[in-house]
Amino acid sequence: MIEGLNPGIILILGALIVPLTSGFIRGILLLALPVLGLAQLIMLGLGSWGQFEIMGMQLTVTHIDPLSRVFGLIFHVAAFAGILYSLHVKDTMQHVATLIYAGSAIGAVFAGDLITLFTFWEITAVSSVFLIWASRTERSFKSGIRYLIIQVTSGVVLLGGIALYAADTGSIKFETMEFGSLATWFFLIAFGIKAAFPLLHNWVQDSYPEATVTGSVILSAFTTKLAIYALARSFPGTDLLIWIGVVMVIFPVVHATLENDLRRTMAYSLNSQQGFMIIAIGIGGDLAINGVAAHATISILYTCLMFMVTGAALYRTGTAKITELGGLYKSMPVTSTFAILGALIIIAAPLTGAFATKALIMSAALDAKMVILWLAMLFGAVAVIDNVGLKIPLFGFFSKDNGKRFQEAPLHMLLAMAVMAGFGIFIGLSPATFFALLPTPMESHTYTASHVVTQLQLIAFAVLIFALALRTGYYPKMRDSITLDFDWIYRKAGKMALTKTSSIVANFWDQTKGFGLMLVGWAIDKAEKSHGEGQAMSRTVSSGYAVSVILILFGIALVVIYA
Amino acid sequence: MPNSDNRTYWLDRPGNVNKLFYGVVALTVVLAIPDIFALFNIFYDKHPKTEIEEIPFFYGLYAMISMLVLLGVSNSVSNFLKRDEDYYD
Amino acid sequence: MTFFMSHAPVLAIIIPLMGAPICALFRGKTAPWLFTLILSGIAFAYSIDLLIAVSANGPISYEIGGWAPPYGIEYVADPLSAFVMVIISGISTGVLLYAKDSIANEVPTSRLGFFFAAYLLALTGMMGITVTGDAFNIFVFLEITSLSSYVLIAMGARQDRRALTAAFQYLIIGTIGATFILIGVGLLYVMTGTLNIADIADKFDSISDTRPIRAAVGFLIVGIAIKLAMFPFHVWLPNAYSYAPNIVTAFFAGTATKVSVYLLIRFIYTVFGADFSFGTVYLTELLLPLGVIAALSMSVVAIFQDNLKRLLAFSSVAQLGYITIAIALATEAGLTAGILHIFNHAIVKTGLFLTVGAMFFATGTTSIKALAGVGQRMPMTSFGFVLGGLGLIGIPLTPGFISKWYLIQAVLERGDYIGYGLAIAILLSSIFAVIYIWRVVEILYFHPSPEGAKGSEAPLSLLIPCWIFILGSFYFGIETSFNVGFAEQAAQFLMGAR
Amino acid sequence: MEEFTDIFLMLLLVAGSLAVLYVRNLFVATMLLSAVSFLMALLFVTLDAVDVAFTEAAVGAGISTVLYLGTLALVGSSERPAAKLSVIPLLLALSVGGALIYATFDMPVIGAADTPVQLSNLTKRFVEISPIEIGIPNMVTSVLASYRGFDTFGETTVVFTAAIGVLLILSQKHVRRPEEDEVEQSGLKPAAKDHGQVGSPHDLIPHVVSKVLIPFILLFAFYVQFHGDFGPGGGFQAGVIMAAGFILYSLIFGLHITKKLLPLRVVELFLAFGVLLYGGVGVASMIKGGNFLDYNVLSADPVAGQHLGILLVELGVGITVTAAMLAIFYGFAGRAQGRGKDVN
């Protein structure tokens, strides 16, 4: 192992060898790389390496501290499981993109300075889009373009922030910052885009379901959690984040309830779960930051797991729509079992990881005497029981038989699910082992009687209402449809003139936001009309016209210069 | 790969779904018992961190209210938000 | 000092100059090219020697004809002019390495002697403008450059007749520019009685309030702006670059406009002085908006182009917008960024045009649509283009990033809302650059080749020089002590000069 | 009286220029342009710039008219009717022109004794010391060929550039048929084979007159070339006059005969030789230990060195200009022949 080499770089460099291999060798290589990276990470221990100076700025390529170590570890696990899950894929591009993407996310986590962070940040954006494009459909291509634009914008904003920050403070160290200056606003927006802040979130639901079966598994693990890490590193204890987080927890759950596509349901739920972590970052303090790290870890485990099971269903049946699935548990019993396990983890049932980690965040809120906040999070916790805990297994795998039969998922997929489920349950069984890795040492009292009982009450009563709603037909009907979200604004409003909307709120939305987007649409239209091929700004004008322009500007220059 | 799997599964039998439902109801009742004990301060101690938690059956009630709110809101906006699949295409 | 070193400033000019008539007599495919390459290489070597000497010992003056200035013509190699000379002769030599097969494909063999003579003259002219210390001598060399460049551009006519109209339009507009410069120099002479730049600069402050001087400033700025293709004087550039032979485009993209940038800096900072230029006559207010519009608007235009060379040409206008902004900032940081971007843009853009030339060599087209699928057919060339494109966008580890970094630092140094606005404009323009480069990459790689598409990988004689530029650009994007060091030195020298 | 002459000439100049703009027949416009050039030359004379006047007369009124006519023979002499006359460009030009005239009010009065140019050290040196250190009475030649010899070298190069530019562009062919390339690559111009209607063999009077005139023209050219040190003249004017002699010859007797006398290849050689001669003088002075173009070192006596240097560089200028003019003429005329027409 090379001293001080950022583990992410091992994956990135390894990715470059992948095209040279094939078959069995490639499988070994793919699986070995995350293991090598993990070994490197463990051998390095804590500290800083790879410091050098460029243009008067101190770069630190590798910086490992307890916070980044947690994220680095789970990223390696996710990379390993994700690759295991996608072993059947024959598409070289996907493998390369996966490794570069995972490697750069890991690299970014261990970046000790903002320039290194920015570099890896942009690589994640560019490499991950190939996982979306790998579907090779018109929809995925368009979706990928939107994804890329948003992700690259995040990078550009980050760069702008870095420039301002360096100008303000003269430092480019990636560390805790005082929120408030223009530079930090830039950072917040850049991180916020990737963390899927409200109104900046649509790329998640837009692109993840368009990715390939394996692609969405990989995507779900890294980008958003990298942003959580960046926020936890730079802005712990920033009040603004609490309110952003609350909106994030609550806003997506309605969509998750209504959504027909399993993967899109997961994407909304993921968004809601991000909110918990954002709130915890906003609360700040050792307990909350521990909660962020711990919950991010669990969140990666169960989100990946759920994407894996829905992906397996999609892989075998060709659809992930509730309305088209039926009685899958008969064809795919093992996958269905993993779906139930994943659901148990996600609803934070006792003996699972989330039971231990979500409690950290909840009690951090209560310690800070933020009761309203706590209630909001509790609402989110109930909502996730409905959205993922019940809806995905029941509607996806245990719904009424439609007579179709399929094969069980391939073995390597099941193994990958087992890895994720295994970690998720192991942490739940032995929380103390895991908590020892968290940034701040602490005692854990996970399994108190009241905690177990209250959590079980929460789950059981939510299930009761769910069951009642199903029986009475009050539960929203799944239809073969999509649900509008904020991206409606930018994907549709510009095109629709004066839509008849049914409520004042919607009218208001339409008027104000629609106007803003019409402006954007108008600007693009104008740009094409004025700058397009053969239009005013790019036309080959006659020499006489050019000379007139020269004369006019010369006249103006003379007036200015005489003045 | 549709084939003729004619095995009858437990869930397929009529009445079993009902059994499941009553099981859930029973479970909720069982889980409510500790709070009843807590009212009389026997067997079970609640360790409340806030006053709200001291409300009897708080978690169960809150879970039900949350679910109802969620479903209510979902139902009411459902028609407004739902569009055909190819809406954006 | 040896004979060759003591005459270095003038030798760097007259070697290619006197080589031109000899080259015109050569016939065949190899001889003119090899001769030109050798002479350009010698000029490059002299330029590097000069730059090293200047940076160690300060400016070097050379009295032509043995007449002391201001009576005779003086050559002055100072940190700025030596740096620009290295850029010009370096780009020229690099392009020539590539030229042999490329130009044989586009110009009849019987004309190659004259063609390379014109090439040498263009090189001479640009080097002469840079190193001369005499205002009228600038005009003389400007004429040599202009005439030879009109001819070189018109040589594209064998591939596309529109090269002739493009060259003609450039001739008209360029002549107006040159005439403006001549009138400006004439007015300076009327008011000072001297043509030596240092001498004019000495006398300038005492007469800067007179109207003829103000008119001279106007003529010079506008004249140079035309030659520089500053927005909106750029109309000649896209066509000229699109239809010229590929090596001519690559050569000029890296050098011709950069020489005009040099002139702008020279006049604003050395002759007029920064105080006069920015304090008395508001050149910031005049140039800054033009730079911003160029950086934004021309990038948008580039997005919509169908011809790859035209796209890159518009991108050049946009990049010149950055340089205009940098110069108009009137600070040492801005000037550093501007000079740095001269170098960085030259190496990146030349590399890009060379890869496009290689695509043309193999496929016979530069239409973006017709190049669909080239990524598979010409992997090395296309990958070179992608890397060059990254440099243009300004990804870290590329020179584009270095200059944008310095530029953004420089605009933020203003500390006011205009500074923030400029920073946003620069970032926005970078986003546009991502879009137009991406658009090309997408078609090159992800669109299927058209039916019956011809062309496989370009020969090594083209690929190697391409990759020299591409890898070179990465080298200077990582090891920045050369370009940043000399740019800073030149900026300090200019700001300290008055 | 002098003022009257100035104003009269200026008015003629304005009228002539407007007429050039107004006239639609390009042949007439060319002739008017020639007249305007001649008026300019006269104005230069009144400004005491005799050398410039000489050049203007030779180049502007003389050879460029011939070249214009050569072009007209190719493209026809009627202008395509303009779509519409726009007032805006005129107003633009007028307003910018007005701003410039405003600037001239601050300018020193022409001919006054206290202008910056008159007071400048340069003027003093050129007027007072140049006869001593250079040793020739015509200061214009001293400045042109010695003090600012490098500029003149540059201008010679410009002429050279123009010539090879014309040769390159006019010999250019669009790729259409492969056989065209073969013809081109074999070095034979299709034009050269065409001996059709060349020259005007039956016009007796021009033949006789030109036979008498041409030797004098050439002689005059040599006079101008070598007398430049003492009076107005020098390589540029001489070269143009010399070329005019040859052009006249080929107009009367046919291009192919001139080409036999002076093949294009020879013209190209001269073209290059002139520039090399000029530069060679500079290089020689470097080898002899001076700076580039430092004529002092060419001979033991600095003044004699200056004489020798100026003589040689003027010769270089003359050769290049002659060859360039001829090359340009060949270019145009050869193209006309290619189309089966001749210039006359």
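The values are calculated or read from the model by the stated rules, or taken from the named source; none is laboratory data. Here the structure is a predicted model, which means the values were calculated and not measured. Here the Cβ positions follow ideal geometry from the backbone for every residue, glycine too, while neighbour counts run over all protein chains shown.
Of everything in segment D:127-152, what is among the hydrophobic types (A, V, I, L, M, F, W, C) and at the interface with chain C (Cβ under 8 Å from one of its Cβ atoms)? Give them in sequence order.
Of segment D:127-152, the ones among the hydrophobic types (A, V, I, L, M, F, W, C) are D:127, D:129, D:132, D:134, D:136, D:139-140, D:143-145, D:150.
Listed by number, the list holds a single entry, D:Phe150.
Annotation for segment C:286-300: at least one member residue is modelled with pLDDT of 90 or more, closer than 17 Å to C:Ala215 by Cα and either assigned to a helix (DSSP H, G or I) or not polar (S, T, N, Q) (or both).
Scanning segment A:29-53 for residues that are closer than 30 Å to C:Ser481 by Cα and either surrounded by fewer than 17 Cβ atoms within 10 Å (Cβ to Cβ) or not assigned by TED's automatic domain parsing to the domain that holds A:Ala111 (or both) yields A:Gly47, A:Ser48, A:Gln51, A:Phe52, A:Glu53.
Among D:Val317, D:Val283, D:Val275, which is within 11 Å of chain C (Cβ to nearest Cβ) and within 23 Å of the chain's Cα centre (by Cα)? Break it down into steps so the answer makes sense when it comes.
Details: D:Val317 fails: within 11 Å of chain C (Cβ to nearest Cβ); D:Val283 fails: within 23 Å of the chain's Cα centre (by Cα).
None of the others qualify; the one that does is D:Val275.
Can you tell me how many residues in segment C:456-482 are away from chain A (no Cβ under 14 Å) and surrounded by fewer than 15 Cβ atoms within 10 Å (Cβ to Cβ)? So the answer is 5.
Do you know which residues across segment C:1-44 are among the small types (Gly, Ala, Ser) and farther than 17 Å from C:Thr255 by Cβ?
As a first pass, look at segment C:1-44 and keep what is among the small types (Gly, Ala, Ser): C:6, C:8, C:12, C:19-20, C:24, C:28, C:31, C:40-41, C:43.
Hits for segment C:1-44 are C:Ser6, C:Ala8, C:Gly19, C:Ala24, C:Gly28, C:Ala31.
Just one of (1) under 24 Å from A:Gly245 (Cα atoms); (2) buried (at least 21 other Cβ atoms within 10 Å of the Cβ); (3) not small (Gly, Ala, Ser) fails for A:Leu366. It is (2). I'd like the residue in segment C:279-297 that is within 28 Å of C:Trp438 (Cα to Cα) and within 9 Å of another protein chain (Cβ to nearest Cβ) and, out of all such residues, is surrounded by the fewest Cβ atoms within 10 Å (Cβ to Cβ). Only one residue fits best here, namely C:Leu290. Figure legend. Inter-residue proximity from segment C:420-431: first residues away from every other protein chain (no Cβ under 11 Å) and in a helix (DSSP H, G or I), second residues crowded, with 21+ Cβ neighbours inside 10 Å and at pLDDT 90 or above, beta-carbon distance below 7 Å, spacing 6+ or different chains. Indicated pairs: C:Leu422/C:Val292; C:Leu422/C:Ile325; C:Leu422/C:Val411; C:Ala425/C:Val292; C:Ala425/C:Ala295. For residues in segment C:298-341 being within 11 Å of chain A (Cβ to nearest Cβ) and of a type in the set (D, E, K, R), which is surrounded by the fewest Cβ atoms within 10 Å (Cβ to Cβ)? Only one residue tops the list, namely C:Asp306.
The residues in segment B:41-63 that are part of a helix (DSSP H, G or I) and either modelled with pLDDT under 75 or within 14 Å of A:Gln457 (Cα to Cα) (or both) can be counted, and the count is 7. Here D:Phe226, D:Phe270, D:Phe292 are screened, and the one residue that is in a helix (DSSP H, G or I) and either within 14 Å of chain C (Cβ to nearest Cβ) or at pLDDT 90 or above (or both) is D:Phe270.
If you check D:Ala243 against the conditions, is it touching a helix residue (DSSP H, G or I) at 6+ places or on another chain (Cβ under 6 Å) and not in a loop (DSSP other than H, G, I, E, B)?
Values: touching a helix residue (DSSP H, G or I) at 6+ places or on another chain (Cβ under 6 Å): yes; not in a loop (DSSP other than H, G, I, E, B): yes.
So D:Ala243 passes the test.
Being over 23 Å from C:Ala20 (Cα atoms) and either in contact with a helix residue (DSSP H, G or I) (Cβ under 6 Å, 6 or more places away or on another chain) or of a type in the set (Gly, Ala, Ser) (or both) is the filter; apply it to segment C:146-163 and report the residue that is surrounded by the most Cβ atoms within 10 Å (Cβ to Cβ). Result: C:Ala163.
Cβ-Cβ contacts under 7 Å between residues 6 or more apart (or on different chains), taken from a first residue in segment D:106-129 that is without any contact (Cβ under 8 Å) to a residue 60 or more places away in the chain to a second residue that is of a type in the set (D, E, K, R), are listed as D:Asp106/C:Arg211.
The single condition from (1) within 14 Å of another protein chain (Cβ to nearest Cβ); (2) surrounded by fewer than 23 Cβ atoms within 10 Å (Cβ to Cβ) that A:Gly284 fails is (1). One residue is enough: does segment C:24-38 have a residue meeting the conditions in contact with a Lys or Arg (Cβ under 7 Å, 6 or more places away or on another chain) and assigned to a helix (DSSP H, G or I)? Looking through segment C:24-38, at least one residue is in contact with a Lys or Arg (Cβ under 7 Å, 6 or more places away or on another chain) and assigned to a helix (DSSP H, G or I). Please go through segment A:82-105 and pick out each residue that is among the hydrophobic types (A, V, I, L, M, F, W, C) and not in a helix (DSSP H, G or I). Hits for segment A:82-105 are A:Leu87, A:Val89.
Taking the criterion of being within 14 Å of chain A (Cβ to nearest Cβ) and either in a helix (DSSP H, G or I) or at pLDDT 90 or above (or both), the residues of segment C:235-264 that qualify are C:Trp236, C:Leu237, C:Pro238, C:Asn239, C:Ala240, C:Tyr241, C:Ser242, C:Tyr243, C:Leu264.
Looking for whichever is surrounded by 10 or more Cβ atoms within 10 Å (Cβ to Cβ), hydrophobic (A, V, I, L, M, F, W, C), under 30 Å from D:Pro232 (Cα atoms) and touching a residue at least 12 places away in the same chain (Cβ under 8 Å) here; the options are D:Ala57, D:Ala73. Which one fits? Give the derivation first.
Values: D:Ala73 fails: under 30 Å from D:Pro232 (Cα atoms).
When all the criteria are applied, what remains is D:Ala57.
Checking the structure you have, find out if any residue of segment B:64-85 is modelled with pLDDT under 75, under 23 Å from the mean Cα position of the chain (by Cα) and at the interface with chain A (Cβ under 8 Å from one of its Cβ atoms).
Step one: of segment B:64-85, the residues modelled with pLDDT under 75 are B:79-85.
In the following step, the residues that additionally are under 23 Å from the mean Cα position of the chain (by Cα) were identified as none.
No, segment B:64-85 contains no residue that is modelled with pLDDT under 75, under 23 Å from the mean Cα position of the chain (by Cα) and at the interface with chain A (Cβ under 8 Å from one of its Cβ atoms).
Scoring C:Ala326 on the criteria (1) closer than 23 Å to A:Met93 by Cβ; (2) among the hydrophobic types (A, V, I, L, M, F, W, C); (3) under 19 Å from the mean Cα position of the chain (by Cα) leaves a single failure, condition (1). Candidates are the residues of segment C:186-195 that are in contact (Cβ under 8 Å) with a residue 40 or more places away in the chain and buried (at least 23 other Cβ atoms within 10 Å of the Cβ); the one that is farthest from the other protein chains (Cβ to nearest Cβ) is C:Leu188.
Taking segment C:61-72 as the range and being more than 7 Å from every other protein chain (Cβ to nearest Cβ) and at pLDDT below 90 as the test, the residues that pass are C:Ala68, C:Pro69.
The set of residues in segment A:54-68 being assigned to a helix (DSSP H, G or I) and buried (at least 21 other Cβ atoms within 10 Å of the Cβ) consists of A:Ser68 alone. Residues in segment A:389-417 that are more than 15 Å from A:Gly327 (Cα to Cα) and surrounded by fewer than 17 Cβ atoms within 10 Å (Cβ to Cβ): 4 in all.
Here A:Met442 meets the list (1) more than 10 Å from every other protein chain (Cβ to nearest Cβ); (2) within 23 Å of the chain's Cα centre (by Cα); (3) outside any helix (DSSP H, G or I) almost entirely, failing just condition (2).
If we scan segment A:169-176, do we find a residue that is at pLDDT below 90 and within 17 Å of the chain's Cα centre (by Cα)? Before you say what the answer is, go through the steps one by one.
Going through segment A:169-176, the residues at pLDDT below 90 turn out to be A:169-176.
Those still in the list that are within 17 Å of the chain's Cα centre (by Cα) too: none.
For segment A:169-176, residues at pLDDT below 90 and within 17 Å of the chain's Cα centre (by Cα): absent.
Check whether at least one residue in segment A:293-311 is touching a Lys or Arg at 6+ places or on another chain (Cβ under 8 Å), crowded, with 24+ Cβ neighbours inside 10 Å and outside any helix (DSSP H, G or I), and report yes or no. Looking through segment A:293-311, none of the residues is touching a Lys or Arg at 6+ places or on another chain (Cβ under 8 Å), crowded, with 24+ Cβ neighbours inside 10 Å and outside any helix (DSSP H, G or I).
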